[in-house]
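Reading through the structure tokens given below for one structure.
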Amino acid sequence: TQLLEQSPQFLSIQEGENLTVYCNSSSVFSSLQWYRQEPGEGPVLLVTVVTGGEVKKLKRLTFQFGDARKDSSLHITAAQPGDTGLYLCAGEDAGGTSYGKLTFGQGTILTVHP
Amino acid sequence: EAQVTQNPRYLITVTGKKLTVTCSQNMNHEYMSWYRQDPGLGLRQIYYSMNVEVTDKGDVPEGYKVSRKEKRNFPLILESPSPNQTSLYFCASAPSNYASGEQYFGPGTRLTVT
């Protein structure tokens with residue numbers, strides 16, 4: 001079973017601060033996704049990264065996939081209260097017979113105070 | 001409206017009483033999957049299906065069954081529920097037949113087994 005270690009588990013910051021969430025594994029993933037989940041709802045996809053070293057930007061959010069496709073990070077610039085939520089990373093197995101199998105990290109609960 | 005629906009949304013049952021949670025999507029998606037979400041553990045994949053009549057185990061399949069007789073439906077069956085299956089369950093679908101396609105999640109089913 002592949003594991004994805006996500007850190008930190010909890011993050012409480014003031015509006016305007018920057019933050020980074022990390023997702024690490026000893027396994028190689030064919031792709032990695034980041035989701036955001038609000039209370040009472042299902043996760044919503046933010047981005048998918050598939051190429052080692054890939055960087056994608058979504059407004060104030062920057063996502064990076066490690067060169068070896070074993071780790072990823074989410075960086076938020078100038079956080080706003082609307083960024084508050086649970087952030088989840090998820091990796092798809094790179095094994096030839098395991099496409100479709102998705103492993104999630106434990107999640108990071110982000111709270112941005114006004 | 002494109003969506004994934006789950007029923008019921010809330011269920012309280014007793015140990016050993018068979019139950020089925022239904023999942024349906026109206027987007028003609030190839031891929032469907034079931035997850036359970038527990039505090040501190042993130043989402044864990046139970047089963048997934050890359051097409052009709054094709055199902056595979058995720059990380060925590062024990063105690064669950066699934067079937068994919070039609071493209072739109074992917075029911076989750078608990079033959080003999082136990083208290084450790086108390087959890088929040090999510091169904092998801094994706095347009096491509098691998099997990100790195102964007103997954104659309106249902107609203108969740110909160111199950112309590114006493």
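Hey, can you tell me all the residues within the stretch B:20-51 that are more than 14 Å from B:Phe90 (Cα to Cα), more than 9 Å from chain A (Cβ to nearest Cβ) and surrounded by 16 or more Cβ atoms within 10 Å (Cβ to Cβ)? Those that are more than 14 Å from B:Phe90 (Cα to Cα), more than 9 Å from chain A (Cβ to nearest Cβ) and surrounded by 16 or more Cβ atoms within 10 Å (Cβ to Cβ): B:His29, B:Glu30. Scanning the stretch B:60-94 for residues that are within 12 Å of chain A (Cβ to nearest Cβ), part of a loop (DSSP other than H, G, I, E, B) and either in contact (Cβ under 8 Å) with a residue 40 or more places away in the chain or more than 15 Å from the chain's Cα centre (by Cα) (or both) yields nothing.
Considering the stretch A:13-51, the residues that are exposed (fewer than 13 other Cβ atoms within 10 Å of the Cβ) and more than 10 Å from every other protein chain (Cβ to nearest Cβ) include one that is nearest to B:Leu88 (Cα to Cα), namely A:Pro39. Residues that are closer than 19 Å to A:Lys101 by Cα and assigned to a loop (DSSP other than H, G, I, E, B) within the stretch B:95-108 comprise B:Pro95, B:Ser96, B:Asn97, B:Tyr98, B:Ala99, B:Ser100, B:Gly101, B:Glu102, B:Gln103, B:Gly106, listed in sequence order.
The criterion of being closer than 22 Å to A:Cys89 by Cβ, within 11 Å of another protein chain (Cβ to nearest Cβ) and in contact with a Pro (Cβ under 7 Å, 6 or more places away or on another chain) holds for B:Phe105. Tell me which residues, restricted to the stretch B:47-88, are out of contact with any Leu (no Cβ under 7 Å at 6 or more places or on another chain) and of a type in the set (A, V, I, L, M, F, W, C). If the condition is that a residue be out of contact with any Leu (no Cβ under 7 Å at 6 or more places or on another chain) and of a type in the set (A, V, I, L, M, F, W, C), then B:Met50, B:Val52, B:Val54, B:Val60, B:Phe74, B:Leu76, B:Ile77, B:Leu88 are the ones that fit.
Where a number appears in this text, it was derived from the coordinates with a stated rule and is not lab data. Since this is a predicted model, take the numbers as computed values, not measurements. Please note: Cβ atoms are built from the backbone with ideal geometry, for glycine as well, and neighbour counts cover all protein chains shown.
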